[in-house]
Amino acid sequence: MRFISHLDLLRAVERALRRAGVPMVFSKGYNPRPKISFASALPVGMTSGGEYAEFILKHSWPPKEFQARLNEQLPIGLEIVAIKEVAYNFPALTAVVNLACYRINFFLPPGVKAVAFFATWEDFYKQEKIQVRRQTKKGIRVFDLLPHVYGRKARLGENDNVTLNIDLSFGPRGSLRPAELLQAFWDFAGWEGRMPAIQREGLFILRDDGIFSPLEVDF
Amino acid sequence: MKPELEKILPQVSKPTRYLGTEWNAIKKDHRQVDVSFALAFPDVYEVGMSHLGSKILYHIINKRQDAVAERVFAPWPDMEAKLREISLPLFGLETGTHLADFDMIGFSLQYELTYTNILNMLALGNIPLYQSERGLGDPFVIAGGPCAFNAEPLTDFLDLVVLGEGEEVIGELLTLLKEWKQEGSGNRREFLCSAAQIPGVYVPSLYRIDYGDDGIIVNVEPVVGPIPPKVEKRIVADLDKAEFPTSPIVPYMGIVHDRALLELFRGCARGCRFCQAGMIYRPVRERSLGRILSQAEELLLSTGYPELSLTSLSSSDYTWIKELIGQLKEDYGETGLRVSLPSLRVDSFSVNLARETEGLRRSSLTLAPEAGSQRLRNVINKNISEEDIAEAVNSAVASGWNAFKLYFMIGLPTEVDEDIVEIARVAEQVAKTRAARGARKVRRVSISIANFVPKPHTPFQWEPQVGEGELRRRQEVIRRGVRDKRIIINTHDPDSSLLEGLFSRGDRRLGRLLVAAWRLGCRFDGWREHFNKKKWKDAFALTGIDPAFYTRRRRHFAEILPWDHTSPGVDKDFLQREYQRALAGKTTPDCSFDSCSQCGVCPALELPICPRGGEEDTPKTVG
Ligand code: SF4
């Protein structure tokens, strides 16, 4: 669903939960709210191919029923596509998700041939180091982006449309934003690149034994 | 969604205003219905979506098999620019149907400073601005709401006006419209003449207004056959029988009143003399406790809102308020439901209610003494004493509140500086309050100083409004009088209050002023960031209209007022009596608890005197 902010999304889900009569656990305090946590807030302007959220219920409920009841109450464009019941001590999603996959679409910059584009895209990664400067609350942080890139595919579509599929590290233990990667690439190539539409395809858990969706792993 | 819309939405602020896909929104195929109605609200989405009356009409119209209602709000200036850029006409949110393709467009008139938005919305919808220029295929443009009790400044643009509560009238109008369409004559005048036969419907073009040399009205009369010389308002006598929307639309974005709304009663007979709502919504009619509880259940189930607001003009006056709050707590306390009471009386009974419902969730408690001195409170018939204020604040502080919001007005009739300095004194008094034991103290008192605007159909309808410069001086008097650093003063802009006053008591000749101002670019005049004094000045100069004639002149009792031929049922005699009592400093009691003060509304509407209460009549105790 486009155009709604993360806050709007949270609100919409909370209200759907109330309508569905899900026995949620509420937070304490002046403003009790059902305990839901999303693996990550979707940045403004990005679309999403899927989000993960944890719901804390008062007591066990058949997951299929939860899914069906909630889907009945969710507005068009929002849907629970998969669900899994986990124990209360399952680690928080925010703590385990460490990889994000993005899909980026744009047209070749004016005057740039496809061959040249793909060659530059490869050359870009042959650099020893690619420095990124990031403004943080504590000041400017400079770091190398290469170790954060886990996958990168570029495809040429119709009408000089390029699709990039990039997998970047994500989460509190280090992350790279797709816009940062793209900006560094435009700078390297010396092209006037515009910031294109970015879709976050999904969030994953990268371990020594492979890449998993949060619904596939057990702890 | 239309592809054009999809393209511009990423470029405007708050795009969810224009999606039309919210939960509980109703989408109908226009080809499957006989009549289509656009519920137009001349302000931004967040304000319009908070308005209960529009929700009620949306529900009533869409319940009909043969009709569809869609919403349309004033597009925010960034969206307006985009719409113009790609030449996309204004549309109904649900299906994107162009405004011009609806059979009828109904504007909600809540506030005078939204009038330029009405013109702008019509223009953006490619609808001829003037009702006299509309023809075959053009929609009928109608209006209702509190400002409809003097819609004269808008009569150039409106085909008809509905006075009073719209629940029943809207159905009668739509049925008439459907018949007229089926009959196929296309004669608009014919439709309007039949509509004028519906009680509560005022068709301005059927009345001629004559003015004297001094600009004052000398005669008002219908221009054709059996048209009532005076149109009386409509009301719903039994609220329990009235339709109520229990599955209202739930917006994605946060709106002004982002909660489920329950209506406890209509009308208020406290009789505050400055208050137009208190006069035009009379008499008091309560909904029964049982009905409200069942509506609460349906509402919460269908919306999922975590908060329920008990709305009314003076909610703590509801006969079964304690029982209601108790029951809501019992039924929904576990789900974390919050209950809010928006309009509190100034007394400890109300403070206790607030404590029961909200605990200390809310940071500040709002009270409205309206005037600083007892003398002036008697003039305006705000029947509370300084002790009431002290008592309310004391019990609030004892319950743990440490921040207060106090509402006052300046520019009231007979007001002198001695009255105004009292505002500062009352605020300081509140700030000084301490709980009897313990060190509980008041942390913050914010006082909101509104400028009094005389309104039609109130006892002060003849009063001159205090001018801009003098209002500024009086604001200064308060600022100088307040020493306590914990007191924050919020004032309102005198220029926009004067503009509000102009349209509030204006007549038909102001139509061209509106057009001139709108052409110069005036929009969202009620929004501080958009109000443009310079453009309005230019509009006055262009049209030669002198606002002082409308705002600053003391009108004679014998004068024919521009709104005299549209009546909320309250007698002009009563208003005059009240005006004289005001000058004499005499108060008039609330007819709900005391004797009838003969305002005329009950006999005019053929109701028994003050039909208060629902089925479970229990003796009234006032806290
Ligand atoms: S007619 Fe009498 S009882 Fe009825 S609203 Fe007026 S004052 Fe109250």
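Details
- Sequence-ordered 3J(HN,Hα) estimates for segment B:282-296 from the Karplus curve with 6.51, -1.76 and 1.60 and θ = phi - 60° stand at 4, x, 6, 9, 9, 8, 6, 4, x, 5, 5, 5, 6, 5, 4 Hz, glycine and proline given as x.
- Here the convex hull built on the C-alpha positions of chain A has a volume of 162 cubic angstrom per residue.
- Cβ-derived FRET efficiency at R0 35 Å, A:K137 paired with B:I86, nearest 0.05: 0.30
- Over segment A:56-108, the Kirkwood radius and the radius of gyration, each from Cα atoms, give a ratio Rg/Rh of 1.11.
- Pairs exceeding a 30 Å alpha-carbon distance, out of B:K230/B:K405; B:K27/B:K82; B:K55/B:K455: B:K230/B:K405.
- Distant-in-sequence amide contacts of B:V231, defined by a placed amide H-H separation under 5 Å and a gap of 5 or more residues or a different chain, comprise B:T566, B:S567.
- Rg ratio for segment A:27-74: its Cα radius of gyration over 2.2 N^0.38 Å, N being its residue count, equals 1.41.
- Compactness of segment B:330-395, expressed as Rg and Dmax over alpha-carbon positions, Å: 14.3, 47
- Diffusion coefficient, µm² s⁻¹, Stokes-Einstein with Kirkwood Rh over alpha-carbon pairs of the protein assembly as shown at 10 °C and 1.306 mPa s: 52
- For segment B:290-386, average projected area of the Cα convex hull in nm²: 7.0
- Binned Cα-Cα distance frequencies in chain B - 20 Å width, integer %: 18, 54, 26, 1
- Under 5 Å, built H, 5+ apart or other chain: amide partners of B:K405: B:L365, B:T366, B:L367, B:S446
- Förster-model FRET efficiency, 25 Å R0, A:K129 and A:K153, C-beta, rounded to 0.05: 0.65
- Taking one quarter of the surface of the convex hull spanned by the alpha-carbon atoms of segment B:61-128 gives a direction-averaged projected area of 5.2 nm².
- Shielding by other protein chains, B:300-312, mean Cβ within 10 Å: 3
- Rounded to 5, the percent of DSSP beta bridges in chain A classed as antiparallel: 95
- In the frame of its principal axes, segment A:95-212 has Cα extents of 43, 33, 25 Å, reported largest first.
- Centroid-to-centroid separation of segment B:420-496 and segment A:65-88 [C-alpha atoms, Å]: 52
- Nearby lysines by direct alpha-carbon distance to A:K113 (threshold 20 angstrom, same-chain neighbours under 8 apart not counted): A:K153
- Calculated from backbone phi, Karplus (6.51, -1.76, 1.60) coupling profile of segment B:71-80 in Hz, x at Gly/Pro: 9, 8, 10, 5, x, 4, x, 5, 6, 4
- Acute angle (nearest 10 degrees) that the helix B:348-358 long axis makes with the longest principal axis of chain B, alpha-carbon atoms: 60
- Value of Rg to Rh for segment B:3-232 (Rh from inverse mean 1/r over Cα pairs, i.e. Kirkwood): 0.97
- Alpha-carbon centroid distance for the pair segment A:169-219 / segment B:566-603, whole angstrom: 71
- Nearest 10 degrees, 0 to 90: helix B:52-63 Cα axis against chain B principal axis: 40
- Principal-axis analysis of the Cα atoms of chain B puts helix B:386-398 at an angle of about 80° to the longest axis.
- Of all DSSP-defined beta bridges confined to segment B:3-232, some 30% are antiparallel rather than parallel.
- Neighbouring partner chain Cβ atoms per residue of B:250-256, average, 10 Å criterion: 4
- A crude spin-label estimate for the pair A:K58 and B:Y130, with each label 7 Å from Cα along the Cβ direction, gives 6.6 nm.
- Here the extension length gained between A:F26 and A:R194 equals 56.1 nm, from 0.36 nm per residue of separation less the Cα-Cα distance.
- The slack in the chain from A:D208 to A:S175, taken as 0.36 nm per residue of separation less the alpha-carbon distance, amounts to 10.1 nm.
- Diffusion coefficient, µm² s⁻¹, Stokes-Einstein with Kirkwood Rh over alpha-carbon pairs of segment A:112-169 at 25 °C and 0.890 mPa s: 184
- The convex hull drawn around the Cα atoms of segment B:357-492, when projected onto a plane and averaged over every direction, covers 8.9 nm².
- Charge tally for B:M104 (other residues, Cβ to Cβ under 11 Å; Lys, Arg +1; Asp, Glu -1): -1.
- Between A:L215 and B:K441, the FRET efficiency from the beta-carbon distance, with R0 = 41 Å, is close to 0.15.
- Our summary gives chain A a relative contact order of 24 percent, counting only alpha carbon pairs under 8 angstrom and 6 or more residues apart.
- Share of pairwise Cα-Cα distances greater than 20 Å in segment A:6-85 is 29 percent (whole percent).
- Under 5 Å between amide hydrogens, built in the peptide plane, is the criterion, and for B:N383 it picks out nothing among residues at least 5 positions away or on other chains.
- Cα centroid separation - segment B:309-327 against segment B:1-76, whole Å: 31
Any read-out appearing in this document is the output of simple, stated calculations on the displayed coordinates, not a laboratory observation. Treat the numbers as computed from the prediction; the structure is a model and nothing was measured. We place every Cβ from the backbone using ideal geometry, glycine too, and count neighbours over all the protein chains shown.
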